[in-house]
Every structure is written in C-alpha cells, then in structure tokens.
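Scroll down for the structure; my scribbles are underneath it.
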Amino acid sequence: TRLDDIPTESDEAIALVRWLRVKKIPHTHIANEGKFNVQYMKKRAASGVNAGFPDYVIFLPNKLLAIELKRRPKITKTGKETVSHCKVSDEQIEWLETINCYSYATALVAYGCEHAIELITKELNHG
C-alpha cells in the first residue's frame with residue numbers, strides 16, 4: 001500500500017465525525033493543527049491554545065475520551081505496518097499522559113477512523 005492510497009488525516013477525521021454524529025455521541029474537534037505566522041501563534045498561545053492537545057474530546061456517559069487522530073499505518077510489501085508518516089509528537093505524548101492522570105478521562109491515539117471507532121466502542125462498552 002502506497003502512502004497515496006491511505007486516506008489523509010482530514011479524510012479520516014470527516015469519516016469519524018460522520019460516525020459520531022450518526023451515533024449521536026457529543027464531541028468537539030480541537031482545531032490545533034496548521035502552520036501560522038509567528039504573531040498569530042503567539043496570540044493563540046496567549047489565548048490558551050496548547051500545542052499537542054488531542055484532536056477530539058468525546059463525551060461518553062461516564063467519561064471524557066480524548067483522541068489524537070493519525071493516518072492509518074502504511075503496509076509495506078512484506079506486510080509490516082509502518083507509522084513513520086504519522087508519528088506522535090513529544091507535546092502530544094505529554095498531553096496524553098496528563099489527561100490519563102485523571103480518573104474521569106482517557107486519552108488515546110487512533111490510527112485512522114476505523115481504529116478510533118474501535119477505541120470509542122470499547123470505552124462505551126466498559127463505561
């Protein structure tokens with residue numbers, strides 16, 4: 001599977017939000033991605049935008065679930081999965097660890113929409 005054959009993170013996000021809406025699961029996207037000029041980045045930081053915060057906060061019956069959504073893994077010719085195109089940053093790891101310190105919240109990395117749905121469903125079934 002070539003990287004060109006793998007849906008973009010944006011495509012995966014649209015599919016995930018579509019599923020969340022159909023299931024009527026409350027959620028919000030944290031618009032924290034993108035490249036901006038230094039002045040705008042300083043303004044965002046001053047207003048509370050934090051680098052690395054997970055992409056989605058999902059409100060489950062007894063828990064907050066934070067999902068950092070990445071592209072699904074690329075499958076090499078030998079059948080091995082590689083996630084080199086969708087690495088989790090140091091800032092993202094810090095936020096995931098911080099969120100996971102709270103008993104009422106769980107933070108996870110999902111590689112693609114299908115993986116995110118699996119993780120959400122698992123949390124719903126254990127909640």
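Which percent of the accessible area of the chain is formed by carbon and sulfur heavy atoms (probe 1.4 angstrom)? Result for the chain: 54 percent of the exposed heavy-atom area is carbon or sulfur.
With every protein chain in place and a 1.4 angstrom probe, the accessible-area ranking of Ser103, Ser10, largest first, reads Ser103, Ser10. Can you bin the chain into rounded, prolate or oblate? Criterion: square roots of the alpha carbon gyration tensor eigenvalues sorted a ≥ b ≥ c, rounded for a/c under 1.5, prolate for a/b above b/c, oblate for the rest. It comes out oblate by the Cα gyration axes. Ordered by 1.4 Å accessible area with all protein chains kept, Thr28, Thr106 run largest first as Thr28, Thr106.
Counting only DSSP H runs of at least 4 residues, each contributing -39500 (n - 2.57), and dividing by the residue count of the chain, the helix-based mean residue ellipticity at 222 nm comes to -11500 deg cm²/dmol.
Residues in the chain average 66 Å² of solvent-accessible surface per residue, probe 1.4 Å, ligands and nucleic acids excluded.
Taking amide H as placed 1.01 Å from N in the peptide plane, the amide H of Ile30 sits under 5 Å from that of Tyr56, Val57, each at least 5 places away or on another chain.
Relative contact order of the chain, taken over Cα pairs closer than 8 Å and 6 or more residues apart, is 28 percent. Using a probe of 1.4 Å, the accessible surface attributed to Glu97 totals some 110 Å² when neighbouring protein chains are kept in position. Any of Lys23/Lys77; Lys43/Lys80; Lys43/Lys74; Lys24/Lys87 with alpha carbons more than 32 Å apart? Name them for me. Too far apart for the 32 Å limit: Lys23/Lys77; Lys43/Lys80; Lys43/Lys74. In loop segments of the stretch 18-127 as defined by DSSP, the chymotrypsin sites (Phe, Trp or Tyr not before Pro) with at most 12 further C-beta atoms inside 10 Å of their C-beta are Phe36, Tyr102, Tyr104.
The values are calculated or read from the model by the stated rules, or taken from the named source; none is laboratory data. Predicted, not measured: the structure shown is a model, and the values here were computed from it. Cβ atoms come from the backbone with ideal geometry, glycine included; neighbour counts cover every protein chain shown. Just so you know, the surface numbers come from the protein's heavy atoms only, side chains and all, with ligands and any DNA or RNA stripped out. Shrake-Rupley method; radii C 1.70, N 1.55, O 1.52, S 1.80 Å.
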